[in-house]
1. Starting from the range 172-242, pick out the chymotrypsin sites (Phe, Trp or Tyr not before Pro) whose DSSP state is loop and whose Cβ has at most 16 other Cβ atoms within 10 Å.
2. Using a Debye calculation, one point per C-alpha and no hydration shell, please list log10 I(q)/I(0) for the range 1-125 at q = 0.14 Å⁻¹ in order.
3. Mind checking the dipole of the range 10-389: about its Cα centre, +1 per Lys or Arg Cβ, -1 per Asp or Glu Cβ, Debye to the nearest 20?
4. Below 11 angstrom from the Cβ of Asp128, what's the summed charge of the other residues (Lys, Arg +1; Asp, Glu -1)?
5. What list do you get for His291, His249, His339 if you sort them by fewest beta carbons within 10 Å?
6. Picking from Glu44, Glu268, Glu370, which is most flexible by a Gaussian network model of the chain using Cα springs under 10 Å?
7. Work out, in µm²/s and without decimals, the Stokes-Einstein translational diffusion coefficient of the range 11-73 at 10 °C, 1.306 mPa s, Rh from Kirkwood over C-alpha pairs.
8. What net charge is computed for the residues neighbouring Arg111, neighbours being all others with C-beta under 13 Å from the C-beta of Arg111, Lys and Arg scored +1, Asp and Glu -1?
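Bear in mind that the values in this text are calculations on the coordinates, not laboratory data. As the structure is a prediction and not an experimental result, all values here were calculated from the model. Glycine gets a Cβ as well: all are built from the backbone with ideal geometry, and neighbour counts include every protein chain shown.
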Amino acid sequence: MTVKFAYRSGATWAEPWDDYRALRNDDPVHEVGNGEFWVLSRFEDVFAAARDTATYSSANGLTTAPGDMANFDDKARPIVMMDPPEHTAMRRLVSRPMTPRRVAPVEDQVRAFVTDKLDAVVEAGETDIVQALFKPLPSYLVALYLGVPPEDRVLFDRWTERIVQATAESTAEYGQDAGAFLELFEYASGLIERRKTDPGYDLVTGLVQAGEDVASAMWIVGFIFTMITGGNDTVTGMLGGSTVLLDRHRDQRQVLIGEPSAIPNGVEELLRLTSPVQNLARTVTRDVTLHGVTIPEGKKVLLLFASANRDEREFGPTAADLDVMRKIDKIVALGYGAHHCLGASVARLQCRVVLEELLRRFPDYSVDEETARFAGGWSTRRYEYLPFSTN
């Protein structure tokens with residue numbers, strides 16, 4: 001059987017699962033082009049690569065484009081494009097506010113935001129749930145953690161939306177909406193200056209207080225962009241995909257409605273099946289041989305997270321099925337090891353609260369998959385339009 005990998009975008013995101021299964025079964029170390037890059041699709045291989053930062057480096061970018069790092073100098077290199085020990089030191093600076101213990105107090109604010117947005121859904125009866133809740137919520141949380149004042153959040157949301165859209169449609173880590181980038185760059189630079197004399201309890205304040213030698217102004221600006229690109233469309237993708245899965249599988253929805261305490265476990269299963277970040281690349285620092293195939297040193301390798309999370313070798317013969325009570329040992333939906341998603345606890349909190357409130361208020365909801373649309377983009381699978389009816 002001939003298996004080919006092709007990047008997806010828009011409507012082609014609808015059902016990639018059979019192609020992923022074919023890669024896993026027939027060509028688990030798949031060469032694209034004439035050595036352009038290789039694709040890993042089995043769980044054990046993707047999991048091992050995610051943990052082995054010495055062999056699978058992020059320092060040359062996260063896409064398969066050869067010039068991925070052309071837009072960055074060392075002072076502005078995003079944390080996601082660093083390897084240990086440099087990555088470890090910078091991650092320590094920004095990780096504390098997003099640990100599970102520090103995230104817990106934010107729950108009341110998240111729930112208030114969600115219930116306010118769902119009040120508007122009640123009034124509408126039918127609405128695009130992406131625009132109504134699934135996009136505004138992660139943007140609100142990113143702004144909260146960065147310390148963007150409430151009066152500036154309308155502007156921040158506009159920049160965020162434009163940057164996320166540009167990034168999704170670009171083969172580079174950051175997209176091509178120059179206007180939005182310039183406006184946000186100027187705003188971020190001003191926010192950094194403001195936090196030098198008016199500190200808060202936010203990530204930007206913490207980085208400013210670490211000192212210019214540790215986190216330069218350029219690096220902080222880069223971190224702000226990383227937060228925007230990594231913390232917005234990913235959560236939107238998970239929420240949209242989860243809402244569709246629970247509409248397709250009403251029996252599993254009823255399990256969560258009847259036993260709300262199972263929702264956190266359900267979140268893990270929904271993360272596994274939706275895998276909003278479907279793939280990211282690494283660069284091998286030495287020759288790597290897997291399943292009889294050698295990937296030469298210096299070549300890009302695409303880690304197919306979404307395929308790994310549906311691998312029957314790891315999750316059994318029902319790997320493709322939604323089972324909200326499934327006991328999951330490990331998944332790679334949020335990365336793993338050194339590059340485990342910085343905002344994983346924040347993402348899980350958002351998903352749990354949304355499911356709790358959505359299922360409590362609209363137990364009989366439905367979505368219209370026929371008219372729903374997927375967003376453009378090569379890496380993140382998300383709905384940009386999802387019609388939602390409360391009954």
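1. Here the sparse-neighbourhood loop sites are Tyr201.
2. -0.96
3. Here the size comes out at about 960 debye.
4. Net charge around Asp128: -1.
5. By the 10 Å Cβ count, ascending, the order reads His291, His249, His339.
6. Glu370
7. This corresponds to a translational diffusion coefficient of 116 µm²/s.
8. That sum, taken over residues with Cβ under 13 Å, equals -2.
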